[in-house]
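Working notes, structure below.
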Amino acid sequence: MEVLSIVHGPNVGAEVFADAVRERGHRLVDWVPSTMPAPRLDGIGAVMVFGGAMHVDQHSTHPWLAAEDALLRDALEAGTPTLGICLGAQLLAKAADAWVGPTDEPEIGWFPVEVNDEGAADPVFGRLPRRFDAFQWHYYVFDVPAAGRELACNSTCSQAFRIGERAWGVQFHPEVTLEQVRSWIADQEDVPVDWAELDRETQRRMGDWNTLGRTLCSAFVELAERAA
């Protein structure tokens, strides 16, 4: 099975998700919308959409966002199993006509997430604990699409949703590695974060976090296998 990996720049790719896909014997195919024409979904068994420094409403700066929006709408209509992470979840929510916009409470670092009853019964999210601390790095948030169901949240925003039976959006970053996070910290922005403490906490937590990320991705790929 070919899994389309939509990547929005350097150091924001599949990371541990790539390991989970390959361990199940499938092939990851990268699409970088800013530099490549849109692929056809024919023959694609699943789609994974990752993060990026841009935002969903920056079409004037990043005109390629229109092609990605069209592809995600096609994936939703076709029932192609799709998993969006952070920016990817926001783009998926927008493709489902939900509001996406800036938040007054950006989350950068580790924040608690609660999986609700709908999430606990979900074929993908049901593999996760009911409560866990998640690595976050986002300035925008999404509303749950009208056709979707919320699966997890915290006091700041919705953290996960499912649309139909084959599309998921996740606000946090289950795919990251320690090296990836350190590359983001090295390119730190002018925000009130103790970067040295974030590095220490991330180093301490990353082993367990990578296990959770592989679990989530493997559950998604298993569902895609059944759909295929």
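No lab work stands behind these numbers, since they all come straight from the coordinates. Because the structure is a prediction, the values reported are computed rather than measured. Heads up, the Cβs are rebuilt from the backbone with ideal geometry, glycines too, and the neighbour counts pull from every protein chain shown.
Okay, here's what the table says:
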| quantity | calculated |
| --- | --- |
| Percent RCO, i.e. relative contact order, over the stretch 80-206, from Cα pairs under 8 Å lying at least 6 residues apart | 28 |
| Tail fraction, Cα-Cα pairs, the chain, threshold 28 Å, whole percent | 22 |
| The stretch 16-74 and the stretch 190-228: distance between their alpha carbon centers, rounded to Å | 19 |
| Mean separation of Cα contacts under 8 Å, 6 or more apart, over the residue count of the stretch 2-227: relative contact order % | 21 |
| Selection of GluC sites (Glu not before Pro), the stretch 136-228, meeting DSSP coil and at most 15 other Cβ within 10 Å | 165, 189 |
| Spin-label model distance (nm) - residue 215 vs residue 155, 7 Å beyond Cα toward Cβ | 2.5 |
| HN-Hα J in Hz across the stretch 69-78 - Karplus 6.51, -1.76, 1.60, θ = phi - 60°, x for Gly and Pro | 4, 4, 5, 5, 5, 5, 5, 5, 5, 7 |
| Convex hull of Cα atoms in the stretch 169-228, direction-averaged projection (nm²) | 5.1 |
| With eigenvalues of the C-alpha gyration tensor scaled by 5 and rooted, the stretch 103-228, Å | 26, 17, 12 |
| Inter-part distance where the stretch 154-187 and the stretch 88-148 are each reduced to a Cα centre, Å | 7 |
| Within the chain, helix-based [θ] at 222 nm, where runs of 4 or more DSSP H residues each add -39,500 (n - 2.57), nearest 500 | -10500 deg cm²/dmol |
